[in-house]
Amino acid sequence: MAENSNKTKLLSYVLLAAGIAGLAFALVLDFSGSSAGFRGPLLVAGAIVFLVGLYFFPTVEHHRSIINFIFLFPLLFTFAVTVLIPLALGIVYSFTDWNGIRLTGFVGFSNYATMFKDPSFVWSVLLTFLFVIFNMVLINVIGFMLALLCTSKMRGINFFRASYFLPNLIGGIVLGYIWQFVFNNVLIQITSKWGMMNSILANTKTAFAAIVVVYIWQYAGYIMLIYVTGLTTVPKDVLEASQIDGANALTTLFKIKIPMIASTVTICTFLTLTSAFKQFDVNMALTNGTGSVADFMGSYLTNGTQMLALNIYNTAITKNSYALGQAKAVLFFIILASVSIIQVRISNSKEVEL
């Protein structure tokens with residue numbers, strides 16, 4: 001019995017060592033830019049061998065924890081490979097002169113200094129914050145009002161729920177081109193009767209308003225469904241008790257329904273905040289960021305409707321400035337993470353007060 005235990009322990013140690021060595025060697029080959037075609041299979045094989053060795057690890061006390069870790073490993077491994085490692089590499093690349101293929105050296109904070117001196121980038125940041133404020137307020141208000149409508153006792157309510165949610169099923173690129181056709185061909189036929197011969201996309205301010213309208217039209221139905229779920233969880237006996245006590249509809253709404261779905265409000269606010277910050281597809285398809293700004297930081301800008309995500313894309317892909325684009329992406333991550341954490345903390349404190 002002891003001999004079998006020793007063999008199992010030895011087999012476990014050998015497999016663990018082989019798995020770790022295979023993983024490390026595959027990662028070294030990948031980070032060094034090697035063209036070896038066996039990097040991917042070696043990485044997968046190393047992970048599998050490591051898990052097998054972990055499974056045979058001779059322990060009774062922690063065996064259940066090991067089994068749980070083995071089941072979670074595919075998800076954790078995928079998350080590390082697709083999110084954590086690229087994030088770490090992106091932070092490193094932001095301090096280099098990386099051109100998308102190779103780097104020749106570190107440049108320190110040069111990319112960040114260049115970024116903040118660029119008026120078009122600063123404009124994109126300010127425009128993005130303005131876009132987030134408009135959408136976070138309007139989408140939640142409209143989505144909540146639609147949810148109130150869709151939880152009422154009117155006939156055909158399922159049809160209205162499906163109709164309001166339908167725009168969310170359309171991809172942002174397709175949606176942008178559809179609305180571009182509407183603004184440039186259909187709507188202009190109507191506005192021309194009142195002397196407005198130009199499309200609203202031809203003016204920077206109205207084009208920005210058009211992006212806001214299209215995004216609300218797309219996303220409000222999704223937020224509506226979340227609010228519908230929250231409103232349907234409000235206990236009916238509480239609503240009946242409020243009616244017996246003589247509370248009118250507004251009192252019931254603000255004193256009972258909204259406080260009882262405070263967690264739903266937090267979720268919807270968080271979703272609209274993060275989604276609006278990351279807006280890219282509608283912005284690119286509808287205006288591609290074009291628009292004139294006569295004087296901003298002493299410069300004439302041609303990216304009057306370009307938001308932050310599109311600015312980062314154009315910097316890296318169109319202008320082939322990958323290191324600078326990566327520096328902007330790192331700042332974008334810091335802004336988004338900071339604002340999201342602050343919003344969640346404020347919303348949670350409001351939940352406690354309610």
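The values are calculated or read from the model by the stated rules, or taken from the named source; none is laboratory data. For clarity, every value in this text was computed on a predicted model and none was experimentally measured. Note that we place each Cβ from the backbone using ideal geometry, even for glycine, and neighbour counts take in every protein chain shown. Calculation scope for accessible area: heavy atoms of the full protein, side chains included, ligands and nucleic acids excluded. Shrake-Rupley method; radii C 1.70, N 1.55, O 1.52, S 1.80 Å.
Filtered by the rule that a residue be open to solvent by less than 90 Å² (accessible area, probe 1.4 Å) and farther than 30 Å from Thr290 by Cβ, segment 322-345 gives Gln343, Val344.
Residues of segment 147-164 that are among the polar types (S, T, N, Q) and either open to solvent by 70 Å² or more (accessible area, probe 1.4 Å) or in contact (Cβ under 8 Å) with a residue 60 or more places away in the chain (or both): Thr151, Asn158.
Any chance segment 113-132 includes a residue that's more than 30 Å from Val330 (Cβ to Cβ) and buried (at least 16 other Cβ atoms within 10 Å of the Cβ)? Looking through segment 113-132, none of the residues is more than 30 Å from Val330 (Cβ to Cβ) and buried (at least 16 other Cβ atoms within 10 Å of the Cβ). Of all the listed residues (Ala47, Ala26, Ala80), the sole one being free of Cβ contacts under 8 Å to residues at least 12 places away in the same chain and either more than 31 Å from the chain's Cα centre (by Cα) or open to solvent by less than 80 Å² (accessible area, probe 1.4 Å) (or both) is Ala80.
One residue alone among Phe208, Phe181 is open to solvent by less than 70 Å² (accessible area, probe 1.4 Å), in a helix (DSSP H, G or I) and modelled with pLDDT of 80 or more, and that residue is Phe208. Taking segment 246-321 and the helices (runs of 4 or more DSSP H) fully enclosed by it, the elements with 2 or more residues that are touching a residue at least 60 places away in the same chain (Cβ under 8 Å) and surrounded by 15 or more Cβ atoms within 10 Å (Cβ to Cβ) are at 262-277, 281-286, 308-313. Annotation note: of Asn99, Asn140, Asn135, the sole residue that is touching a helix residue (DSSP H, G or I) at 6+ places or on another chain (Cβ under 9 Å) and more than 30 Å from Val228 (Cα to Cα) is Asn99. So is Ile101 outside any helix (DSSP H, G or I), within 30 Å of Ile334 (Cβ to Cβ) and free of Cβ contacts under 8 Å to residues at least 40 places away in the same chain or not? Yes.
Entry remark, segment 83-112: residues being β-branched (Val, Ile, Thr) and either under 23 Å from Gly19 (Cα atoms) or open to solvent by less than 40 Å² (accessible area, probe 1.4 Å) (or both) number 3 in total.
Screening Ser35 with (1) farther than 30 Å from Ser12 by Cβ; (2) hydroxyl-bearing (Ser, Thr, Tyr); (3) at pLDDT 85 or above gives one miss only, at (3).
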